[in-house]
Amino acid sequence: MTRLITYMHAYTQWPGAYCDTKHHSCCYPKTGKPTAEFSIHGLWPNHKDGSWPSNCNPDSVFDRLEISDLMGSLQKNWPSLSCPSSNGFRFWSHEWEKHGTCSESELNQHDYFATALKLKEKVNLLKILKNAEIEPDDGFYSLDSIVKAIEAVTSHAPGMECNKDSAGNSQLYQVYLCVDTSGSEIIECPILPRGRCDSSVQFPKF
Ligand code: 5GP
């Protein structure tokens, strides 16, 4: 029996931390260096226990024609930073096929991407943090102050994920927000990911 999807999480990444790690470097998209904004990693359907299914429908292949109206917004808000440099289609196709097909009964391919973009627009993480004087200036900030600043706006504690920069510092990498299965309402996360953040984390420049 297939297990039910009970919520989703929106994954947002800070490009400065994606690009500055010991393990990999990054490549800017063919369209150039993205703006210094949080960008979308994906929208993942989850089971109640926080586990997530993947690759739920091999017949539902990514079709770029279905999202042609979203192209400009995807390039801006959902750039791919992996190497080699790309125009995003590989990343979007991967996210749809691995994660999006698992919530296809709620969101078709067009709506999957449109919903992720709408959420990104609704929760402007960089603005929220800047308003709390937390800026991507290579400075260190308490993890707690970052969580509290986001929670004050969304009413729910976000999950925070960190990685290590080349010098071994814990840095703000991904923010994890939970949403209902339609992807429109932010909800309390049933389970928060263990995010490997130190109590003080660097917010790297990009
Ligand atoms: P996921 O973690 O969503 O299951 O897989 C992400 C995949 O997309 C990885 O294979 C990763 O290399 C690729 N990818 C391409 N561009 C990006 C990017 O900008 N950020 C992340 N997190 N993954 C990317």
About its Cα centre, region 7-203 carries a charge dipole, from +1 on Lys and Arg Cβ atoms and -1 on Asp and Glu Cβ atoms, whose size in debye to the nearest 20 is 440 debye
Taking the dipole of region 48-132 about the Cα centre (Lys, Arg +1; Asp, Glu -1; charges at Cβ), the one of Trp92, Leu74, Pro53 that reaches farthest to the positive side is Leu74
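Hey, got the dipole for region 142-201? About the Cα centre, +1 on K and R Cβ, -1 on D and E Cβ, debye to the nearest 20? Let's see the in-between values first.
Numbers: 4 positive and 8 negative charges, 45 e Å.
Approximately 220 debye in magnitude.
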Taking a straight Cα-to-Cα line shorter than 29 Å from Lys22, and setting aside same-chain lysines fewer than 8 residues away, one finds Lys30, Lys33, Lys76, Lys98, Lys120, Lys127, Lys130, Lys148, Lys164, Lys205
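Starting from the Cα-Cα distance between Thr6 and Ser25, subtract it from 0.36 nm times their residue separation and give me the gain in nm to one decimal. Before the final figure, lay out the partial values.
Numbers: separation 19, 0.36 × 19 = 6.84 nm, distance 3.48 nm.
3.4 nm is the gain from fully extending Thr6 to Ser25.
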Sorted by chain and then number, the residues having a modelled amide H within less than 5 Å of the amide H of Asn163, at least 5 places away or on another chain, are Gln171, Tyr173
With -39,500 (n - 2.57) per DSSP H segment of 4 or more residues and division by the full residue count of the chain, the 222 nm estimate, nearest 500 deg cm²/dmol, is -7500 deg cm²/dmol
Computed for region 35-128: size of charge dipole around the Cα centre, +1 on C-beta of each Lys and Arg, -1 on C-beta of each Asp and Glu, debye to nearest 20, value 420 debye
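Hey, with R₀ at 35 Å, roughly what FRET efficiency would Lys130 and Ser85 work out to, going by the Cβ-Cβ distance, to 0.05? Write out the running numbers ahead of the final one.
Working: r = 29 Å, r/R0 = 0.82.
Computed FRET efficiency for Lys130 and Ser85 comes out at 0.75.
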For region 126-167, whose charge dipole is built from +1 on Lys and Arg Cβ atoms and -1 on Asp and Glu Cβ atoms, the candidate among Ser166, Thr154, Pro136 with its Cα farthest towards the positive end is Thr154
accessible surface per residue for the chain, probe 1.4 Å, DNA/RNA/ligands not counted, whole Å² -> 50 Å²
Using alpha carbon centers only, region 15-44 is separated from region 60-111 by a whole-angstrom value of 16 Å
The convex hull of the Cα atoms of the chain, divided by residue count, gives a volume in Å³ per residue of 116 Å³
Length-normalised contact order of the chain, Cα under 8 Å, at least 6 apart, in percent, tallies to 28 percent
Sorted by chain and number, the residues with a modelled amide H under 5 Å from that of Ser85, at a separation of 5 or more or across chains, are none
Checking region 113-206 for trypsin sites (Lys or Arg not before Pro) in a loop per DSSP with at most 16 other beta-carbon atoms within 10 Å yields Arg194, Arg196, Lys205
With 0.36 nm assigned to each residue of separation and the Cα-Cα distance removed, Glu121 to Asp144 gains 5.9 nm
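How large a share of the accessible area of the chain, in percent, is made up of carbon and sulfur atoms when the probe is 1.4 Å and the other protein chains stay in place? Intermediate results must be reported in sequence, preceding the final value.
On the way: 5070 of 10210 Å².
Carbon and sulfur: 50 percent of the exposed surface of the chain.
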Here the Cα Rg-to-2.2 N^0.38 Å ratio for region 72-155 is 1.34
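The values are calculated or read from the model by the stated rules, or taken from the named source; none is laboratory data. Remember, it's a predicted structure, so these values are computed and weren't measured experimentally. Every residue, glycine as well, gets a Cβ built from its backbone with ideal geometry; the counts of neighbours run over all protein chains shown. All accessible areas refer to the heavy atoms of the entire protein, side chains included, with ligands and DNA or RNA removed. Shrake-Rupley method; radii C 1.70, N 1.55, O 1.52, S 1.80 Å.
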